[in-house]
Structures are given as C-alpha cells and as structure tokens.
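Working notes, structure below.
The values are calculated or read from the model by the stated rules, or taken from the named source; none is laboratory data. The shown structure was predicted, so the numbers you read here are calculated from the model rather than taken from an experiment. When we count neighbours, we look across all protein chains shown, and the Cβ atoms used for this are built from the backbone with ideal geometry, even at glycine. Side chains are part of the model used for accessible areas, which takes the heavy atoms of the whole protein and leaves out ligands, DNA and RNA. Shrake-Rupley method; radii C 1.70, N 1.55, O 1.52, S 1.80 Å.
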Amino acid sequence: MKRRFDKYFPWVFSASDFLASLLALLICNSILQFVGIFDGDELGTISVLSVLWLLISALRKDYKIERTDEYEQTLTRLLITVIWFVCATTIVWLPFRNPTLQVSPVLSLGLGMLLLMGMFRVGVHILLRNYRSKGNNYHNAIIVGKGGTSPLLADVFKIRKEFGINFIGYYDDQADCNQTRGGIVDFFREAGELDLDLIYIHEHLESALVKKVIDFADDNYIKVKMIPGGSLQLEKNLSFSRYGDFFVINVNEIPLDNALNSFAKRVFDVLFASFVILFILSWLIPLVGILIKLESRGPVFFIQQRNGVNNKIFNCLKFRSMTPNDYSDVKQATKNDPRVTRTGAFLRASSLDEMPQFINVLFGDMSVVGPRPHTIPMNQTFKTQIEKYNSRHKIRPGITGLAQVSGYRGEIENPFQIRSRVRLDSFYINNWSFLFDMGIMIKTVRELIFTRDNAY
C-alpha cells in the first residue's frame, strides 16, 4: 500500500492542484473585477493561466510534501511557485495589455493566488498528515545502536504519528529492552527481510561499524540518517532533516537527490537524445542496418539486459557487431575476437555501436553521462568482489562516463581496472554537476577522435 500511494499521489495532487488553481483564478478574477482592478476581460484566458500554474507546479515538484515538513515549509514552497507564476504571467500577458496596468493586476493576482492556494496546500498537508497518522503510507525505520539521544528520536516517532514513520526497533549489542530486536550481527542478517526505508545510526557507534552500515544501505538502496554525534568523520556531503524540533543528518545524500539537479539533467538528456535521434540516427540506422545485413544473418540491433538505476533491469540497445553467439552475456569482446564481424569491428572502434543507446536515454533507462552499465552476470560477479560496487547504480547509467574518459573503457583484464572504474563512478555520483557532465562529454569527443586504445 505504501509503495502504491507514493506512485499515485503525485498524479492525484497535480490534478487537484490544477482544479484548485482554476477555481482560485476564477475567484480572483471576480474579486478584482468587483474592485475595479480588472476591466472585465483581463482574465478571459483563465484556463491558459491554470495550465501555466500546473506546469510550474509540476516542474517544481510541489507534490513532494516531505513527511517531516512543517506547514511553513509548504507555504514557503508555494510562495516560490507563486513568484514563478507571476513572472511567467507577466511575460505572457502584459505585452498585450494596457501599459497603465503593468503592475497592479499581476501583483494582485499573485497575492490572491498565494492566499487561496495557500489554504488549499495547507489543507492537503493536513489531510496527508491525518492519513499517515492512521497508519497509512508509512516508512519502516530502525535505529542501529541504542543510547544517547536515539531514544528521544524513537519517542518522536511515537508522538508524531503524522510523520508516518513506523519504528520497528533497535539493533544493539548492549541494550536489552522490549524494542531491541537483536544485536548488530542480527541487523545484517535480518535487514533484507524487513522492507526497510530508513536506517538511523546511533551517534556513538564505532566509525568502522557506521561505515559498514552505510555501505550496506547503499547496496540495498535504503536511506541512512545519522543521529548527530562524534562519529561523523566520513567523506560525505552532509545535509539535515528536521523532525519537529529534532534534527538528524542525512549521510548518503547525493547531488542528484536534489529535485532541481535531477530535473536539469533529465531535461538535457531528453533534448540531446532527441537531437541525436532526429538528425543522426534517422539516417544512421538504415545505413548501418544495410551493412550489418549484407555481412551476416541476424538482427540489426543487439538487445542485452543490463542493470540500471536501483539495479532495475532494462533492455540496452546496440548495433549488432558480432555473429550471433551464446556467449555475449558472459564473455567480453577481446582483441581479434573471431565473433566480431568486419562491420562490427568498425562500429566498435568508432563507438558507433553504442549510438542506439540514445533511444534508451529518451525512454529514461539511461543518461548521456553516468556509470557505464554492465551485463547482469558481470554485475553478479563484481558485486561479490568489489566493495560498494552496487552503489554505482544510485543513478541512471550513461552512454559515457568519468571512468571511460579516464582510460578505463573496453575489456576488463584485471581486478584493478574494475576497482578503478567503481572508484571513479563513485566520485562522479557524489560530485555531480552540470558543468562536470559537459566536461566529460567534451573529453569523450576528444577520446573518440584521438584515442582508440581498448576499443575492440
């Protein structure tokens, strides 16, 4: 139930927010006409403005009302949305209106929307809290280590039912109370069966054990929050979450957890992939398809299942560069590999075989820049050999990546190469920026032109 709610709530919120904005605009129009600010037809296109509101609200992800947000945070988020709405309305509307009405109509409209939509948004927030306080849309949470301020946090969960956090219990080697589920060893054995969403770490836990819990959470896509203490000497970017008057530290947040960063990267991916598909793949696919068919029997595309974001499996597209064989998933291409066709050798050397993956980017399975996806059997092997290997699946895999422009592309011949890839992928994930992506893309073009090592 909790997963289903999280899936459908954004759509329900957006639809109701659109209807509420339409009603609010109608009320504002009537009131402002009555007081003489509008002359009767200033808002003849209310539906257009309501769609504009919907777009701004959706792009800002106003539906993401965090379970620990207070009402003032909802109103602050609304205020920013109203500012964007007023600016957009000014650009769209004012050039076609009387110059004497350049300020007061739009500001009055913004003030009215802030008041009316504020009532609606706070109402939704209240309903959401009431829904969660009754045991719905909950997140399962445990605390590793008991003592210090951790019992205070457990009390917060008990008192503030509206947060919707279901506290399962402690894992601690020393404490023995009715909420203690077992020792630390029991945590690692049982955690996979608890359907956990959140792990809170005791402030006085040993640093080595803290790191081990965080690594476990990274591998299993569980959010970790640290109860403030002296064991925060970690190479992590830290941020804070507020639970009423209680603060916890988010340990494994990454730049792409930020909605604006994620949105910017996705918009760039869609625009860039659309350009490539429209102006390059539209003629490249038929041309390469003919060459592949002329040389050997089999499909034009090689479709291989790979692990994507959160380890979800997707069908990765490539131009077929080998004769059909039963070893493509488990045996990498090597130098002078007899399976590679003459056309395939050219495609692989020029990296043109990867071009269909821009279709994966458009569909949301991949990004232009990110950790390169490996085959499922390779992932199964590497995650048992390489520490924190699974953490590279926190974000969408990429057509190119930091490891590839740093000399680690092509066949993996020794453990050092895959360890270096994972280390570089981790650095990219934890230090992402839009300019970082642009730099990797520029280096990729340079690599394609001047460096062909390991491309076979």
**Asked** Could you list, in sequence order, the residues of the range 378-396 that are in a helix (DSSP H, G or I) and either open to solvent by 50 Å² or more (accessible area, probe 1.4 Å) or outside the structural domain of Phe358 (by the TED database) (or both)?
**Response** Gln380, Thr381, Lys383, Thr384, Gln385
**Asked** When the residues of the range 105-138 are filtered to those that are crowded, with 18+ Cβ neighbours inside 10 Å and in contact with a Lys or Arg (Cβ under 9 Å, 6 or more places away or on another chain), which remaining residue is farthest from Ala88 (Cα to Cα)?
**Response** Tyr138
**Request:** Working only within the range 43-73, note down all residues that are of a type in the set (Phe, Trp, Tyr), farther than 13 Å from Phe85 by Cα and surrounded by 15 or more Cβ atoms within 10 Å (Cβ to Cβ).
**Result:** Tyr63
**Request:** Check Arg297, Arg306, Arg242 and return the single one that is basic (Lys, Arg), open to solvent by 30 Å² or more (accessible area, probe 1.4 Å) and in the same structural domain as Ser426 (by the TED database).
**Result:** Arg297
**Prompt:** With respect to Val270, is the statement that it is at pLDDT 80 or above and either open to solvent by 50 Å² or more (accessible area, probe 1.4 Å) or not assigned by the TED database to the domain that holds Asp186 (or both) true?
**Reply:** yes
**Item:** Residue count for the range 244-280, restricted to those that are without any contact (Cβ under 8 Å) to a residue 60 or more places away in the chain and under 30 Å from Lys161 (Cα atoms)
**Value:** 10
**Residue identified as in a strand (DSSP E or B), in contact with a strand residue (DSSP E or B) (Cβ under 9 Å, 6 or more places away or on another chain) and open to solvent by 20 Å² or more (accessible area, probe 1.4 Å) among Ile359, Ile399** = Ile399
**Request:** Could you tell me whether the range 163-171 includes any residue that is aliphatic (A, V, I, L, M), closer than 24 Å to Tyr8 by Cβ and in a strand (DSSP E or B)?
**Result:** yes
